[in-house]
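Below is one structure; the comments refer to it alone.
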Amino acid sequence: MADASTVAELVNISVDGRPVEVPPGTLVWDACEKAGIFVPVYCAHKKLEPVAVCRMCLVEVEGLPKLQPACATRVAPGMVVRTQTEQVRKFRDGNLEFLLLNHPLDCPVCDRGGECDLQDFTQRYGPGRARSSITEKVHFDKAVKLSDKIMLDQERCILCWRCVRYYEEITGEREIVLQERGVHTVVDSFERQPLQSQFQGNLPEICPVGALTHRQYRFRARPWDLRRTASVCSHCSYGCNIFVDAREEQIARYASNDNPEVDDSWLCDQGRYGFPELNRPERVINPEARVGGLRQAVSYQDAVARAAGALLRVRGDHGGTSVGVLGSPRMTNEEAFVLQWLAREVIATPHVDHRYEPLEGISPEQFRLGIAELEGCDAVVVIGDRPERLSPVLTLRLYKVANKLGRQILRVPETFSAAQVVKQLPAAGRIGIVAAQADRAAAMGLRAKAGSAGREAAVLTITEAVNSRGCQDLGLLPNVGPGYRSLEHSGLFGRQLLEAAVAGQIKALLVVGDGADFEAEGLFHEALAKVDVAVVVTAWQGVASRAATVLLPGRTIAEKAGTVTNTEGRVQRVRTAVEPKFTFPSDLRILGDLAAGLGSDLGVQALAAPVFELLAAAVPAYRGCQAGLRAHWEPGS
Amino acid sequence: MFREMVGGLRITLREMMTKPITIQYPEEQRPVPPRHRGRHILHRYDNGLEKCIGCELCAGACPVGCIYVQAAENDPQHPVSPGERYAVRYEINLMRCIYCGYCAEACPTEAITLGPRLDLADYKRERLVATKDDLLEAWPGFHPMAQGVAEGRGAPAPQTSPLGAGSSHQGPAGSAPGLRPPIPGSRGSGGGAAPI
């Protein structure tokens, strides 16, 4: 709408007698919101273009004979808007009566009941009673399975078109259409084909009523059962902001938590519907230790003491370099920082990693471009399909850049000729380069080529897991220290470390985190069987938990507090959304206690906030970033 | 002084002549007033389907939070209740319940009422958390309110498998006149036991 240059000439209008100053071109609805006056609306949505079909937001504008839709009318200087007049009240009342005419009123069995705009506005503005009989309603199909994820109830639909417009404007897939005419109009998938989109989960969220609902969440809970926690989606490294809605310490659903800088309020289905992974019952719930060949449950203190004693013994007999430390890209920043400190400073081993495959030649420059900054690029080059496979929500951002902003998107295969690509780019302007981390060399090469051709280019590489970026920034790698500091002695990468363990050079392993990257590898199994000591801190039963000589129960990402860094370097907080079934200390405190057992003190309490201060002192880019800001890396650092 | 003694004895002697108002409680029981709010009952329709749709409005209305409901989706071939939704778990913590009756008031299908039962003591606290099996009306109904309907019914079916439409062991119950439950969402009409 209005850019920064027009801020000087604000438009003065009055809403219900309250003066407001807004940029020209602002919608009356937004001006009302700015004045602190709520105008009910169904069809308008912050991320969609106005259509003014629901007629719920009609307001009186002085000088105009008829009521105007606030969601589609733009402000004019001196405009006088009234939202509380008798005429507005009468229209809202009448409009709601129309909407309810054929509404089935099955709120008790509707998943939306309790958080439904139709319920809320009827309560607030609607008629107290119906004039038509409940038996005279026009009926449509209920419980239409639009796909394996979405259920459609055509009777509940109020025809706001939000779903249709979402597919048109946000994903461009156009899978839902309006069919028939007049009172028989229904929303349906095109030719009743099952929906294919990987962004269907957003539909129930933008639906103002219970017409589109999640099949996964179907009848699972009512809104008043849920406890909502703002957190970060753990599916990929994109860092979409979510609300975790939990019922009885089980995650019931994920809901989007709009962050225009990251997710722009959209989630992908893999992320949104992926949480049952975290609800799995195969958990480690007790500290255990191998006592005389037999594994048995021990107390927490005993387990920590045994773990520390065993690690000390191995270090004493074979030196610190005979110990290997493996983390996980699903650890928080705090845990990653403490774990690498524990390895390097306490155990004195360079062999520390968080992934199976080696990762070399990384630098903050490969993450220079921010996600929202893609919108400021004149052209975006996407290398291969891996970035969008890793982080599906990126597709929506690219679609916005291409279609709403009209910029050029150039999708090139992984093997491309940089010179050819540069030739296709616009002559001037900023170039964005998006690649999977695996293609970082190609992306940096293209950046250099574009730079030498006189174009300003920046790269965004997409990492794999939720905190891969944080683990890299904080040096949970054998070849770089915290803040990508170069090391005197590089250690062994994950795979090499396990090979060394199988070969007998590594005598003890400390494995922290879910180990999902390793569990599938046969080598991991062999290495754990071979080493003398395997201290495992994990939430899940698996190869590591079974082979452990000392096992400590860890937490899932939904159960811990701390920060994670998304692929563009944004440091965001994860919060405890559910409590684990046990009361043992968190992973971070386990690491602190382990360090104490090994004779070293962290210097601060092993809690997320003090440890963050500690890591921000070691990695200056992170200073003051835990509120959701991007870590600011100096160029060339 | 003598007068007072005589006066007192007169009352004593008079009371000795009257019938005592106490009864031999567990063996003998007084009738409970019809609107007594005792232990809850979960009702069924005449075709055996549960009235409860698992909407949790009772739990929402409960001022002490003693009701726990977990809903689930009906299997259309073997529905537990009419419509799409039923309560797979329904528990009331009778120790916490204050018997206010708000649950019954909130219920959109009149599935839950507070019944006549008032002997709620037990030796174990766990047993005072009433589950769905404890609360659900037996089928055919034992509740006085349901007696009249139950008399006209054929052979009872096992309680564990409430009958659906077209079920072979439907018996005469299916033809009970005009008994389509007024559940929003169930559009099938005609035969009494037509779920959905």
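Within the accessible area of the protein assembly as shown, what % is carbon and sulfur when the probe is 1.4 Å and the other protein chains stay in place?
53
Compute the long axis of helix A:608-618 from its Cα atoms, compare it with the longest principal axis of the Cα atoms of chain A, and write down the angle in degrees, 0 to 90, nearest 10.
Taking Cα atoms only, the helix is inclined about 70 degrees.
So if I place +1 on the C-beta of Lys and Arg and -1 on the C-beta of Asp and Glu, and nothing else carries charge, what would the dipole magnitude of the protein assembly as shown be about its Cα centre? I want it in debye, nearest 20.
Computed about the Cα centre, the dipole is about 1280 debye.
Could you pull out every one of the lysines with an alpha carbon less than 25 Å from that of residue A:530, ignoring same-chain neighbours closer than 8 positions?
A:507
Charges only on Cβ, +1 for Lys and Arg, -1 for Asp and Glu: so what's the dipole of the stretch A:147-232 about the Cα centre, in debye to the nearest 20? Mind dumping the intermediate values first?
Values: 13 positive and 12 negative charges, 92 e Å.
Roughly 440 debye for the stretch A:147-232.
Along Cα→Cβ, 7 Å out, is where each label goes; now give me the distance between the ones at residue A:520 and residue B:61 in nm to one decimal.
The modelled label-to-label distance comes out at 5.2 nm.
Take residue A:247 and residue B:11, extend 7 Å from each Cα along the Cα→Cβ direction, and tell me the distance between the two endpoints in nm.
My value for the distance between the label points is 6.1 nm.
Which value, in Å² rounded to 10, gives the accessible area of residue A:137 with a 1.4 Å probe and all protein chains present?
30
Projected onto the charge dipole of the protein assembly as shown (+1 at Lys/Arg Cβ, -1 at Asp/Glu Cβ, origin at the Cα centre), which of A:233, A:279, A:186 gives the Cα projection farthest towards the positive end?
Farthest towards the positive end: A:186.
Provide the FRET efficiency to the nearest 0.05 for the residue A:503-residue A:405 pair, computing r from the beta carbons and using R0 = 60 Å.
0.65
What is the spin-label model distance, in nm, from residue A:101 to residue A:62 if the labels are put 7 Å beyond Cα along the C-beta direction?
Those two pseudo-labels are separated by 3.5 nm.
Any idea how far the Cα center of the stretch A:185-234 sits from the one of the stretch A:420-471, in Å?
Comparing the Cα centres of the stretch A:185-234 and the stretch A:420-471, I get a distance of 35 Å.
Roughly how many Å is it from the Cα centre of the stretch B:1-61 to that of the stretch A:80-128, as a whole number?
46
If you average the alpha carbon positions of the stretch A:244-302 and of the stretch A:520-543, how far apart do those two centres end up, in angstrom?
The distance from the Cα centre of the stretch A:244-302 to that of the stretch A:520-543 comes to 20 Å.
Using only DSSP helix segments of four residues or longer, with each worth -39500 (n - 2.57), what per-residue ellipticity at 222 nm results for the protein assembly as shown after dividing by its residue count and rounding to 500? Kindly include the intermediate steps, with their values, before the conclusion.
Values: 25 runs with 202 residues, N = 833.
So the helix-based figure for the protein assembly as shown works out to -6500 deg cm²/dmol.
Kindly identify residues of the stretch B:91-123 having a loss of at least 40 Å² in accessible area between the isolated chain and the assembly of all protein chains, probe radius 1.4 Å.
none
Taking the 0 to 90 degree range and rounding to the nearest ten, how far is the long axis of helix A:300-318 tilted relative to the main principal axis of chain A, both from C-alpha atoms?
The answer is roughly 50 degrees.
Under a cut-off of 12 Å between alpha-carbon atoms, report the aspartates and glutamates in cross-link reach of residue A:145, not counting same-chain residues fewer than 8 places apart.
A:153, A:188
Give the accessible surface of the protein assembly as shown per residue, rounded to a whole number of Å², with probe radius 1.4 Å and ligands, DNA and RNA excluded.
45
Could you give me the percent of Cα pairs per 5 Å distance bin for the stretch B:37-155, shortest bin first, beginning at zero and ending with the bin that holds the maximum distance?
Per 5 Å bin, starting at 0, the Cα pair percentages come out as 2, 12, 22, 24, 19, 13, 6, 2, 0.
Can you tell me what the convex hull of the Cα atoms of the stretch A:4-84 projects to on average, as an area in nm²?
5.3
Which loop GluC sites (Glu not before Pro) in the stretch A:236-289, with loop taken from DSSP, have no more than 13 other Cβ atoms within 10 angstrom of their Cβ?
Qualifying residues, ordered by number: A:248, A:282.
How big a patch of accessible area, both sides summed and in Å² to the nearest 100, lies buried between B and A at a 1.4 Å probe?
1600
Which loop-located GluC sites (Glu not before Pro) does the stretch A:317-416 contain, where loop means any DSSP state but H, G, I, E or B and the Cβ has at most 16 other Cβ atoms within 10 Å?
The qualifying sites are A:360, A:414.
Between residue A:123 and residue A:286, what FRET efficiency comes out of the Förster formula 1/(1 + (r/R0)^6) with R0 = 51 Å and r the beta carbon distance, rounded to 0.05?
0.55
Place +1 on the Cβ of every Lys and Arg and -1 on the Cβ of every Asp and Glu in chain A, take the dipole about the Cα centre, and give the residue among A:265, A:340, A:64 whose Cα lies farthest towards its positive end.
My answer, from the dipole projection, is A:64.
Can you tell me which lysines have their Cα less than 16 Å from the Cα of residue A:34? Leave out same-chain residues fewer than eight positions away.
The reachable lysines, counting only those whose Cα sits under 16 Å from residue A:34, are A:46.
Counting residues in the protein assembly as shown as N, plug N into 2.2 N^0.38 Å and put the Cα Rg over that result.
Rounded to two decimals, the normalised Rg is 1.18.
Sorted by accessible area with a 1.4 angstrom probe, largest first, how do A:300, A:42 fall?
Ranked from most to least accessible, the order is A:300, A:42.
So for chain A, averaging the separation of alpha carbon pairs under 8 Å that are six or more residues apart and normalising by length, what relative contact order in percent results? Before the final figure, lay out the partial values.
Numbers: 1311 pairs, mean separation 77.3, N = 637.
Computed value for chain A: 12 percent relative contact order.
Using θ = phi - 60° and the Karplus relation 6.51 cos²θ - 1.76 cosθ + 1.60, list the HN-Hα couplings for the stretch A:508-521 in order, rounded to whole Hz, with x at every Gly or Pro.
Running phi through 6.51 cos²θ - 1.76 cosθ + 1.60 with θ = phi - 60° gives 9, 10, 10, 10, 10, x, 6, x, 4, 6, 9, 3, 6, 8 Hz.
Determine ³J(HN,Hα), in whole Hz, for all residues of the stretch A:243-254 in sequence, where each value follows from phi through the Karplus function 6.51 cos²θ - 1.76 cosθ + 1.60 and θ = phi - 60°; x replaces Gly and Pro.
9, 9, 9, 10, 10, 6, 6, 10, 6, 9, 6, 9
Taking R0 as 41 Å, what's the FRET efficiency between residue A:185 and residue A:90 from their Cβ-Cβ distance, rounded to 0.05?
Here the calculated transfer efficiency is 0.95.
What residues does the stretch A:215-241 have that are buried by at least 40 Å² of accessible area in the full protein assembly compared to the chain on its own, 1.4 angstrom probe?
The answer is A:218, A:219, A:222, A:224.
Taking chain A as the reference, fit the longest principal axis to its C-alpha atoms, fit the long axis of helix A:587-597 to the helix C-alpha atoms, and give the angle between the two in degrees, 0 to 90, nearest 10.
With rounding to tens, the tilt is 20 degrees.
Over all directions, how big on average is the projection of the convex hull of the alpha-carbon atoms in the stretch A:364-462, in square nanometres?
So the Cα hull casts an average projection of 5.3 nm².
The values are calculated or read from the model by the stated rules, or taken from the named source; none is laboratory data. Note that the coordinates shown come from a computational prediction; the quantities given were computed from them, not determined experimentally. Note that we place each Cβ from the backbone using ideal geometry, even for glycine, and neighbour counts take in every protein chain shown. Accessible surface areas use protein heavy atoms only, side chains included; no ligands, DNA or RNA. Shrake-Rupley method; radii C 1.70, N 1.55, O 1.52, S 1.80 Å.
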